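Beneath this line is the structure, given in structure tokens, with notes to follow.
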Amino acid sequence: MKPLLDADRSLANARSETDARGTYPLHVAAEFGQASAARLLLDYGADVTLLDCENDAIDGNNFPMPHWRIGKNREAIRLRGGVE
């Protein structure tokens, strides 16, 4: 993933073209407990306030998946002012 982000930093905030929910990479990383991917996306400017098509964001208010799935990503997301 790093080589792709190195080539195009905007991918960190690119809406999914295949997920009907219109998720962003950070949503997916958090949903699947991929802390290292979440940290990398945050380092490349992933926006924790972007809303998917269901108006969910990773901002601590409307997290797009159950809290127990945040797990390992809570620390990475907190680094950028997200989930408390």
> How many residues are in contact with a helix residue (DSSP H, G or I) (Cβ under 8 Å, 6 or more places away or on another chain), within 17 Å of residue 52 (Cβ to Cβ) and of a type outside the set (A, V, I, L, M, F, W, C) when one looks only at the range 1-20?
Replying inline: 3
> Filter the range 19-45 for residues that are over 17 Å from residue 3 (Cβ atoms) and among the hydroxyl-bearing types (Ser, Thr, Tyr); which is surrounded by the fewest Cβ atoms within 10 Å (Cβ to Cβ)?
Replying inline: 23
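Read the figures in this text as sums done on the coordinates, not as results from a lab. Note that this is a predicted model, so its numbers are computed, not measured. Virtual Cβ from ideal backbone geometry, glycine too; neighbours counted across all protein chains shown.
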